[in-house]
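The values are calculated or read from the model by the stated rules, or taken from the named source; none is laboratory data. Only a predicted model underlies this, so the values are computations on that prediction, with no experimental measurement involved. Heads up, the Cβs are rebuilt from the backbone with ideal geometry, glycines too, and the neighbour counts pull from every protein chain shown.
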Amino acid sequence: MNDATSDIFSLRGRRSTRCINVGNVQVGGDSDITIQSMTTAITRDTLSTLKQIETLTDVGCEIIRVAVPKDADADALAEIVANSPIPVVADVHFHSKFVYKAIDAGCGGVRVNPGNILHFETEVPKICATAKSAGVSLRIGVNAGSLDDSLRALYFESPAEALVESALREAKMFEDNGFYDFKISVKHHDPIVTVKAYEMLAKQGDWPLHLGVTEAGLLFDGTIKGVSAIAILLSLGIGDTIRLSLTANPIEEIKLAKGLLQALRFRTKPVEIIACPTCGRCEIELIELAEKVENAIKDLKPSRPLKVAVMGCAVNGPGEAKEADLGLAGGKGRGILFAKGKVIKTVKEGDMLDELIKLINQA
Ligand code: SF4
């Protein structure tokens with residue numbers, strides 16, 4: 001973990017995994033848990049794809065995947081890779097020719113869905129040899145919708161087992177061909193199935209795991225499903241890279257992934273806001289105030305991570321937020337500023353925000 005927070009605020013250690021490279025980003029081993037997303041622009045529209053990659057990189061995306069459904073998309077990869085600030089992973093279904101084209105184009109990785117790649121078994125030796133000689137990693141991305149027919153019956157009995165069985169078969173094929181630089185995902189649209197599948201898979205080998213709930217849904221439901229499954233798995237020490245799939249602008253995926261890693265202390269948040277839920281004792285517009293504080297601190301980079309409390313009343317607020325480095329508690333016409341639960345100043349209600357920001361800047 002790259003957070004200096006003490007152990008009482010840390011989850012258990014991460015499962016030991018082999019380290020692979022996705023371009024210049026490491027996944028697995030001791031590396032940080034990375035954040036991924038996927039472009040929604042048509043890949044062959046290189047201008048739009050690169051613009052989206054840039055926007056996603058700016059909000060915190062570290063590995064980007066692009067769909068490669070057609071020859072024109074595969075042909076666009078070299079230009080995208082050459083101009084992308086982060087490693088590009090080609091997402092390949094059905095045609096193995098796109099795997100080779102992606103490797104030739106310099107992609108950092110290729111996601112293959114072995115369940116639907118035509119003649120996958122006969123192609124495996126060539127895929128492994130080509131990826132190995134180019135130093136490109138692969139992802140075995142198992143999907144419920146494209147499981148081998150021989151796993152259908154098992155899928156209806158135990159979807160998680162079927163996903164894992166598929167992944168194990170495909171991992172064995174890679175390893176039998178002397179190829180080890182791959183990660184695995186066993187995503188499902190149901191968060192419980194997803195958790196079970198990854199838990200089972202994690203016990204079977206040291207592959208780095210790419211976590212995600214697939215087809216999770218629109219922003220609200222998708223967030224709940226994706227965050228709950230990924231948080232459970234991370235709390236078990238499972239997971240090396242994450243994608244929070246949403247039926248929404250991928251910017252939301254990155255913001256959520258970043259927030260999740262910060263909340264679980266895999267990443268440091270420069271300023272964390274603790275805000276009370278308000279109750280009948282609150283005599284100020286607390287939600288509005290908390291939003292103003294959040295907006296005011298969003299670009300601040302204090303010399304050390306700070307917890308800042310925004311509380312609704314002066315009676316209970318400082319006590320309830322005594323772990324906060326700094327805080328303010330509203331009251332009728334005035335508010336108090338406090339540090340570690342102790343009152344340090346009383347100010348006029350209208351000055352509370354400015355005074356708090358001043359204190360944060362001095363911290
Ligand atoms: S800090 Fe005050 S207003 Fe906020 S929940 Fe606690 S008692 Fe209620």
### Message
Every residue in region 42-83 that is among the hydrophobic types (A, V, I, L, M, F, W, C) and more than 25 Å from Ile230 (Cβ to Cβ), please.
### Response
Ile42, Leu47, Leu50, Val68, Ala72, Ala74, Ala76, Leu77, Ala78, Ile80, Val81, Ala82
#### Entry: Residue match in region 244-252 (condition: surrounded by 18 or more Cβ atoms within 10 Å (Cβ to Cβ), in the same structural domain as Arg334 (by TED's automatic domain parsing) and modelled with pLDDT of 90 or more)
no
### Query
Does Pro277 count as within 12 Å of the ligand (Cβ to nearest atom) and not hydrophobic (A, V, I, L, M, F, W, C)?
yes
#### Entry: Residues of region 167-190 that turn out to be at pLDDT 95 or above, buried (at least 20 other Cβ atoms within 10 Å of the Cβ) and part of a helix (DSSP H, G or I), as a count
3
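With the requirement that a residue be within 26 Å of the chain's Cα centre (by Cα) and in a loop (DSSP other than H, G, I, E, B), what does region 268-280 give you? Working first, answer last.
Just the residues of region 268-280 that are within 26 Å of the chain's Cα centre (by Cα), to begin with: 268-275.
Of everything in region 268-280, those that are within 26 Å of the chain's Cα centre (by Cα) and in a loop (DSSP other than H, G, I, E, B) turn out to be Thr268, Lys269, Pro270.
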### Message
Looking only at region 110-129, how many residues end up being part of a loop (DSSP other than H, G, I, E, B) and either out of contact with any His (no Cβ under 8 Å at 6 or more places or on another chain) or modelled with pLDDT of 95 or more (or both)?
### Response
3
### Query
Listed residues Thr17, Thr57; which is at pLDDT 95 or above, part of a helix (DSSP H, G or I), of a type in the set (Ser, Thr, Tyr) and farther than 16 Å from Val136 by Cβ?
Thr57
### Summary
The lone condition Thr278 fails out of (1) polar (S, T, N, Q); (2) surrounded by fewer than 19 Cβ atoms within 10 Å (Cβ to Cβ); (3) at pLDDT 95 or above is (3)
### Query
Is there a residue being under 30 Å from Leu234 (Cβ atoms) and surrounded by 16 or more Cβ atoms within 10 Å (Cβ to Cβ) anywhere in region 346-356?
no
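Please find, among Glu283, Glu291, the residue that is surrounded by fewer than 16 Cβ atoms within 10 Å (Cβ to Cβ), over 30 Å from Arg12 (Cα atoms) and touching a Gly at 6+ places or on another chain (Cβ under 7 Å).
Glu283 is the lone residue from the list that is surrounded by fewer than 16 Cβ atoms within 10 Å (Cβ to Cβ), over 30 Å from Arg12 (Cα atoms) and touching a Gly at 6+ places or on another chain (Cβ under 7 Å).
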#### Entry: Filter result (more than 16 Å from the ligand (Cβ to nearest atom) and of a type in the set (A, V, I, L, M, F, W, C)) within region 321-360
Ala339, Ile344, Val347, Leu353, Ile357, Leu359, Ile360
## Note on the structure
Condition set farther than 18 Å from Lys97 by Cβ and part of a loop (DSSP other than H, G, I, E, B), scope region 130-155, selection farthest from the chain's Cα centre (by Cα): answer is Asp148
#### Entry: Tally, over region 296-320, of residues that are surrounded by fewer than 24 Cβ atoms within 10 Å (Cβ to Cβ) and near the ligand (Cβ under 10 Å from one of its atoms)
6
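Does Pro159 qualify as being buried (at least 17 other Cβ atoms within 10 Å of the Cβ) and assigned by TED's automatic domain parsing to the domain that holds Glu199?
Yes.
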### Query
Any chance region 218-227 includes a residue that's in a helix (DSSP H, G or I), in contact (Cβ under 8 Å) with a residue 60 or more places away in the chain, farther than 20 Å from Asp354 by Cβ and away from the ligand (no atom under 16 Å from the Cβ)?
no
